[in-house]
Amino acid sequence: MSQHPLGVSREVVLGIGGGIAAYKSCDLLRRLKDHGFLVSVIPTRSSLNFVGSATWEALSGRPVQTDLWNNVHEVPHISMAKKADAIVIAPATADLIARIACGRADDLLTNVVIASNAPIILVPAMHTEMWLNEATVANVEALRKRGVIVIDPAVGDLSSGDSGVGRYPETKEIIDVVENTFNRKADLIGKKVLVSAGGTREAIDPVRYIGNLSSGKQGIAVALDAAARGAIVTLVIANAPEISIEDVEVIHVVTAEQMLAALDANFDSADVVVMTAAVADVRPKLSASQKISKSDLTSIELLHNPDIIGTLASRKRHQVLIGFAAQTGADRLSKAHEKLVSKHLDFLYMNDVSNGAIFGSDETEGVIIGSSLEDLDIPMTSKATLARKLLTLAIDKLG
Ligand code: CTP
């Protein structure tokens, strides 16, 4: 595996779509190799009409496969998906973009795309009308929302003799995007990121609890992004199914007090703390060991749970603290600003959860606020993209 000076591997899958610009990817492949990337090429069947496998094998120095039905015993789509640190598809045709947007997996390349967690960079190249077609526009928008990087095509002469938007961009521009993706990956090396996720539960009796709707998805997205960027990650997650994430220490907890204890034990060594968990604000003063019959269930005496992030913030030294606030109502932004100050946070993501929106979803919409930041609107986007943005802010703050 090729190594970046910071120890990050540099394996790239280069997917080739069936467009005339496929020949330009021969140069892209050579330049990627010049930059120290190890490249495995996966051409689509139709792209072989433009550039044949022999060219890709000679230029990459690796065998080239197009369909799923060779070397089946090696399960090539899974092994290539796991090995890839980035997937670059150039040219990405309208059809290939549509297939990826739909989650299709009808050839080796789309199988690898759907089976991989690596960043995906699409380099569209097509005739202007195809790029501007409503279907392509919607597909590109959907992919960007999911965190796929889609490079805008250049404007200029097209193979049809027309001129307009749709040209394969300059190779250097593509290489810059690939390098940025890898550099971003390396920007948390040596840092420790502590993440809380899920919703705590406070037992009333063995069958009932006080809890909330948090799914834990946002915290998992933060942990995944932090690990992908080279951080040492601890994820303290409440009431989620048993999970194991590569390169992430996962600690399962149930109650707010357990969550505080787990975070407290990891706080001093952390550089970034991301508190996505929804903590139950109160717990029953007494938790019955036997089920309470409904006729006796008339009132529950409550105690306030500790404010976890507030408690930890009192010991804050160099740590960057990021909180989340699920708010409703017209004054939600001013309430979020109050929490930013009262909890001594560096950043806070406020999402509007009126009507149960956001909970359990893969997407989110809200505002990032910070002590030294203009309010930053986040239009509907994937939780993975939000995670990436928040960690980038934390890194800038850490200096
Ligand atoms: N939080 C915490 N401990 C608590 C409650 C909340 O650490 N006991 C954290 C949450 O994880 C989140 C931030 O504080 O990062 C804001 O959570 P929120 O529930 O909006 O704040 P509360 O202080 O509970 O305010 P309120 O319920 O009054 O809106």
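Give the number of residues within segment 270-296 that are touching a residue at least 12 places away in the same chain (Cβ under 8 Å) and either more than 16 Å from the ligand (Cβ to nearest atom) or not β-branched (Val, Ile, Thr) (or both).
17
Being more than 30 Å from residue 289 (Cα to Cα) and in contact with a Leu (Cβ under 8 Å, 6 or more places away or on another chain) narrows it down to one of 177, 155, 148, 137, so name that one.
148
Within segment 327-345, how many residues are open to solvent by 60 Å² or more (accessible area, probe 1.4 Å) and within 18 Å of residue 218 (Cβ to Cβ)?
3
Any chance segment 335-354 includes a residue that's assigned by TED's automatic domain parsing to the domain that holds residue 214 and away from the ligand (no atom under 13 Å from the Cβ)?
So far as segment 335-354 goes, yes, one or more of its residues are assigned by TED's automatic domain parsing to the domain that holds residue 214 and away from the ligand (no atom under 13 Å from the Cβ).
Find the strands (runs of 3 or more DSSP E) located wholly in segment 235-285 whose residues include 3 or more that are within 18 Å of residue 313 (Cβ to Cβ) and open to solvent by less than 50 Å² (accessible area, probe 1.4 Å), and list them.
272-275
Restrict the check to segment 18-33 and report whether at least one residue is modelled with pLDDT under 95, touching a His at 6+ places or on another chain (Cβ under 8 Å) and not in a strand (DSSP E or B).
No, segment 18-33 contains no residue that is modelled with pLDDT under 95, touching a His at 6+ places or on another chain (Cβ under 8 Å) and not in a strand (DSSP E or B).
Regarding residue 187, is this residue touching a Leu at 6+ places or on another chain (Cβ under 6 Å), of a type in the set (Asp, Glu) and on the phi < 0 side of the Ramachandran plot?
no
Which residues, counting only those in segment 297-312, are among the aliphatic types (A, V, I, L, M) and within 9 Å of the ligand (Cβ to nearest atom)?
Answer for segment 297-312, where residues must be among the aliphatic types (A, V, I, L, M) and within 9 Å of the ligand (Cβ to nearest atom): 308, 309, 312.
Given the conditions (1) open to solvent by 10 Å² or more (accessible area, probe 1.4 Å); (2) modelled with pLDDT under 95, report the number of the one that residue 95 does not fulfil.
For residue 95, the failing item is (2).
So in segment 214-223, with the set limited to residues that are touching a helix residue (DSSP H, G or I) at 6+ places or on another chain (Cβ under 7 Å) and hydrophobic (A, V, I, L, M, F, W, C), which one is farthest from residue 193 (Cα to Cα)?
221
Go over the candidates 289, 372, 299 one by one and state the one that is under 29 Å from the mean Cα position of the chain (by Cα) and either of a type outside the set (Phe, Trp, Tyr) or in the same structural domain as residue 120 (by TED's automatic domain parsing) (or both).
372
The conditions are (1) within 16 Å of the ligand (Cβ to nearest atom); (2) in contact with a helix residue (DSSP H, G or I) (Cβ under 7 Å, 6 or more places away or on another chain), and residue 229 fails exactly one of them. Which is it?
Going through the list (1) within 16 Å of the ligand (Cβ to nearest atom); (2) in contact with a helix residue (DSSP H, G or I) (Cβ under 7 Å, 6 or more places away or on another chain), residue 229 breaks only (1).
Condition first: under 14 Å from residue 21 (Cβ atoms) and among the hydrophobic types (A, V, I, L, M, F, W, C). Now tell me which residues in segment 98-129 satisfy that.
Matches in segment 98-129: 122, 123, 125, 126.
Consider only pairs whose beta carbons are under 6 Å apart and that are at least six residues apart or on different chains; among these, list those whose first residue lies in segment 315-326 and is open to solvent by 10 Å² or more (accessible area, probe 1.4 Å) and whose second residue is within 13 Å of the ligand (Cβ to nearest atom).
324/276; 324/349; 326/351; 326/353
Please determine, by comparing only the residues of segment 138-188 that are polar (S, T, N, Q) and closer than 18 Å to residue 93 by Cβ, which one is most open to solvent (accessible area, probe 1.4 Å).
159
Could you tell me how many of the residues in segment 51-97 are under 14 Å from residue 18 (Cα atoms) and hydroxyl-bearing (Ser, Thr, Tyr)?
3
Please specify each residue of segment 58-92 satisfying the condition of being open to solvent by 30 Å² or more (accessible area, probe 1.4 Å) and under 30 Å from residue 128 (Cβ atoms).
Once the filter is applied, which keeps residues that are open to solvent by 30 Å² or more (accessible area, probe 1.4 Å) and under 30 Å from residue 128 (Cβ atoms), segment 58-92 yields only 59.
What number of residues within segment 87-122 satisfy the criterion of being without any contact (Cβ under 8 Å) to a residue 60 or more places away in the chain and part of a strand (DSSP E or B)?
2
Of the residues 147, 199, 156, which single one is small (Gly, Ala, Ser), farther than 22 Å from residue 379 by Cα and in the same structural domain as residue 26 (by TED's automatic domain parsing)?
Working: 147 fails: farther than 22 Å from residue 379 by Cα; 199 fails: in the same structural domain as residue 26 (by TED's automatic domain parsing).
When all the criteria are applied, what remains is 156.
So which residues in segment 152-196 are within 16 Å of residue 396 (Cα to Cα) and in contact with a Pro (Cβ under 7 Å, 6 or more places away or on another chain), if there are any at all?
Across segment 152-196, there are no qualifying residues.
The values are calculated or read from the model by the stated rules, or taken from the named source; none is laboratory data. Worth saying up front: this structure is predicted, and the values here are computed from it rather than measured. Positions of Cβ are generated from backbone atoms using ideal geometry, with glycine treated the same way; all protein chains shown enter the neighbour counts. These area figures cover heavy atoms from the full protein model, side chains too; ligands, DNA and RNA do not enter into them. Shrake-Rupley method; radii C 1.70, N 1.55, O 1.52, S 1.80 Å.
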